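What follows is a single structure, written as structure tokens, with notes after it.
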Amino acid sequence: MAIRTGKDYMDGLKSRPREVWLEGRRVTDIVNEPNFRQPIKEIARLYDMQHDPKHQDKITGICEETGERVSNAFIVPKSYEDLMKRRALYETWAEATFGLMGRSPDFLNVTVTSMASNYKFFEKYNASWAENIVNYYKHVRDNDLFLTHALINPQNDRSKAAHEQKDMFTHLGAVEETSEGIIVRGAKMLATFAPITDEVIIYPFPGFKPGDERYVLSFAIPIDTPGLRIVCREPVQSGKRPIFDHPLASRFEEMDAVLVFNDVLVPWNRIFAYNNLEAGNTVYAQTGLSQNTHQNGVRGLTKLRFAQQVASRVADAIGVDGFLNVQTQLGELVQSVETIRALLRTAENEYAINENGEAVPSFTSLETIRGILPKAYPRAIEIIQTIGAGGLLLSPTGYDFENTELREDIDKYYGGREGVDAYDRVRLFKLAWDLSGEAFGQRLVQYERYYSGDPVRKLGMFYSNYKKKHFDSLTMVDRALEQNETKKNVSLNK
Ligand SMILES: Cc1cc2nc3c(=O)[nH]c(=O)nc-3n(C[C@H](O)[C@H](O)[C@H](O)COP(=O)(O)OP(=O)(O)OC[C@H]3O[C@@H](n4cnc5c(N)ncnc54)[C@H](O)[C@@H]3O)c2cc1C
């Protein structure tokens, strides 16, 4: 069966030691590392859901080619119904993690599936790239792998192209070709979940200029490939902070990392694009994008709904939800959720079948979600902060609750409105602060802004593409001008 259990996933992590650096030390036991232990359990839980009769038929299906059961992420959608099956997977996993784990395995599994079903794009440039991406898709599908990706160059001097940086291999580039493959050197970011995945896929983000040829690289390799170093950012939780005090941060941290490639050999059969500026600048838009943007939309909606529900519960717990200023903020949040929900429905209802027979949701609607969420989500967090106010900062710890000397005061002074005792109010406010105040919550805000590129440039690209597609059909303006038709040499008063 090509669907893994949580145990299969964890056994895979144990059997493949990788080079992970965290707070200046090398992590040797990934599964038992306090900072990773709980997030690994959360991912394992997602894999276990594939075997749970309650979810199995909803999130997995039978692969036509192999007859094996696989995740819906690996089934190429051919119809609206297929797209809805994919959505069911995104939604089920997003609900299980409250939308807080953006890079759950479905995100890149869907991307790879879509790259493979768009193999003709690769074939245009090189027949072996097409063959490689299709074989890679089968490898990921049949082993139910968890991938990370790193598309962005390290943030050194953004005013210069890759080949103009101080060191030729600051940005990841090809050093030399050998009979076995390409030796690559340099860094890429921002590989979310890298320490606890199975493989990394690199594909280019547009922006290459002449001279950048060696930096056009798309490939995938196991995360334990010799020479690949994973340098983690500072954790947002120590792994020792109790779940009671940090109900979200202690469970759902997605570790981000910079990947440093120290002369890593990428075998030829794992190369999907190389040394071609045109391919480098178009692969992102012309292969897997619409499909993973669909996952982003479903997951983003779940996260926004979660924030909206947290805000409502906080208001309710302290009896402020009857005040007009609070109601307008909560109403605004509900309308944000409804806007994203409607856009998602439109994206799905207005799907198209592309030239490869793949059903793709409307990119315009999905990109509109992508444009709105970086504003709507930070606003949701601001509303939680505004409504929770000072109370968000004053929650006692679980240890305080256990202290009999303090408990009477806590029960008296920390309760909420009638019916909300101190224990329930404090638990709720801790959850709200994890989401809105802690480093964990701030990363979630930053994620929503930047997870699929710079929203500023993306909006610019969105408008340019929209104009290309729709400018000719801006007929209302022409009609309005025609109805008032005046010739240049005709008197304006007639
Ligand atoms: C929490 C989190 C998780 C992420 N996970 C992943 C991941 O798993 N894999 C992955 O590949 N990436 C990931 N990303 C990275 C994401 O793709 C980048 O952050 C995003 O593309 C923006 O790039 P940057 O951070 O280098 O910002 P920069 O490009 O350096 O931008 C910095 C600022 O300068 C402006 N700017 C820069 N260049 C230009 C220009 N040419 N024109 C106009 N304005 C410009 C930008 O608008 C921005 O305000 C993640 C990011 C975050 C925050």
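The values are calculated or read from the model by the stated rules, or taken from the named source; none is laboratory data. What you are looking at is a predicted structure, and each value in this text was computed from that prediction instead of being measured. A quick note on method: Cβ atoms are made from the backbone with ideal geometry, for glycine too, and the neighbour counts reach across all protein chains shown. Ligands, DNA and RNA are stripped out before the accessible areas are found, and what is left, the full protein with its side chains, is counted by its heavy atoms. Shrake-Rupley method; radii C 1.70, N 1.55, O 1.52, S 1.80 Å.
All conditions but one from (1) within 13 Å of the ligand (Cβ to nearest atom); (2) crowded, with 19+ Cβ neighbours inside 10 Å; (3) of a type outside the set (Val, Ile, Thr) apply to ASP212; the one that does not is (1). Mind telling me which of the residues ASP411, ASP400 ends up being free of Cβ contacts under 8 Å to residues at least 60 places away in the same chain and surrounded by 15 or more Cβ atoms within 10 Å (Cβ to Cβ)? Of ASP411, ASP400, the one residue that is free of Cβ contacts under 8 Å to residues at least 60 places away in the same chain and surrounded by 15 or more Cβ atoms within 10 Å (Cβ to Cβ) is ASP400. Of all the criteria given as (1) open to solvent by less than 70 Å² (accessible area, probe 1.4 Å); (2) among the basic types (Lys, Arg); (3) modelled with pLDDT under 95, the one not satisfied by ARG141 is (3). When the residues of segment 141-175 are filtered to those that are within 11 Å of the ligand (Cβ to nearest atom) and outside any loop (DSSP other than H, G, I, E, B), the one that is nearest to VAL76 (Cα to Cα) is LEU147. Of the numbered criteria (1) within 15 Å of the ligand (Cβ to nearest atom); (2) surrounded by fewer than 20 Cβ atoms within 10 Å (Cβ to Cβ), the one ASP224 fails is (1). The single residue among THR328, THR282 that is without any contact (Cβ under 8 Å) to a residue 60 or more places away in the chain and surrounded by fewer than 19 Cβ atoms within 10 Å (Cβ to Cβ) turns out to be THR328.
Here is a yes/no grid of residues against (1) among the charged types (D, E, K, R); (2) surrounded by 23 or more Cβ atoms within 10 Å (Cβ to Cβ):
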{"residue": "ALA96", "(1), (2)": "no, no"}
{"residue": "ASN109", "(1), (2)": "no, yes"}
{"residue": "LYS124", "(1), (2)": "yes, no"}
{"residue": "ALA130", "(1), (2)": "no, no"}
{"residue": "GLN165", "(1), (2)": "no, no"}
{"residue": "PHE169", "(1), (2)": "no, no"}
{"residue": "GLY186", "(1), (2)": "no, yes"}
{"residue": "ALA191", "(1), (2)": "no, yes"}
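When TYR90 is tested against (1) within 16 Å of the ligand (Cβ to nearest atom); (2) among the aromatic types (Phe, Trp, Tyr); (3) closer than 17 Å to HIS294 by Cα, exactly one condition is not met: (1).
Checking segment 52-73 against the condition returns no match, with no residue being within 28 Å of PHE261 (Cα to Cα), of a type outside the set (A, V, I, L, M) and open to solvent by 10 Å² or more (accessible area, probe 1.4 Å). Would you call ARG241 open to solvent by 30 Å² or more (accessible area, probe 1.4 Å) and either of a type in the set (Val, Ile, Thr) or closer than 20 Å to PRO195 by Cβ (or both)? For ARG241, the condition - open to solvent by 30 Å² or more (accessible area, probe 1.4 Å) and either of a type in the set (Val, Ile, Thr) or closer than 20 Å to PRO195 by Cβ (or both) - is met.
Results for (1) at pLDDT 95 or above; (2) of a type in the set (A, V, I, L, M); (3) surrounded by 16 or more Cβ atoms within 10 Å (Cβ to Cβ), shown as yes or no for each residue.
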{"site": "PRO374", "(1), (2), (3)": "no, no, yes"}
{"site": "GLY390", "(1), (2), (3)": "yes, no, no"}
{"site": "SER395", "(1), (2), (3)": "no, no, yes"}
{"site": "ARG417", "(1), (2), (3)": "yes, no, no"}
{"site": "LEU431", "(1), (2), (3)": "yes, yes, yes"}
{"site": "TYR447", "(1), (2), (3)": "yes, no, yes"}
{"site": "PRO455", "(1), (2), (3)": "no, no, yes"}
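Residue-wise test of (1) more than 29 Å from PHE306 (Cα to Cα); (2) touching a residue at least 40 places away in the same chain (Cβ under 8 Å); (3) within 16 Å of the ligand (Cβ to nearest atom); (4) of a type outside the set (D, E, K, R).
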{"position": "TRP21", "(1), (2), (3), (4)": "yes, yes, no, yes"}
{"position": "ASP48", "(1), (2), (3), (4)": "no, yes, no, no"}
{"position": "HIS51", "(1), (2), (3), (4)": "no, yes, no, yes"}
{"position": "GLU68", "(1), (2), (3), (4)": "yes, yes, no, no"}
{"position": "ALA73", "(1), (2), (3), (4)": "no, yes, no, yes"}
{"position": "GLU81", "(1), (2), (3), (4)": "no, no, no, no"}
{"position": "GLY99", "(1), (2), (3), (4)": "no, yes, yes, yes"}
{"position": "PRO105", "(1), (2), (3), (4)": "no, yes, yes, yes"}
{"position": "LEU108", "(1), (2), (3), (4)": "no, yes, yes, yes"}
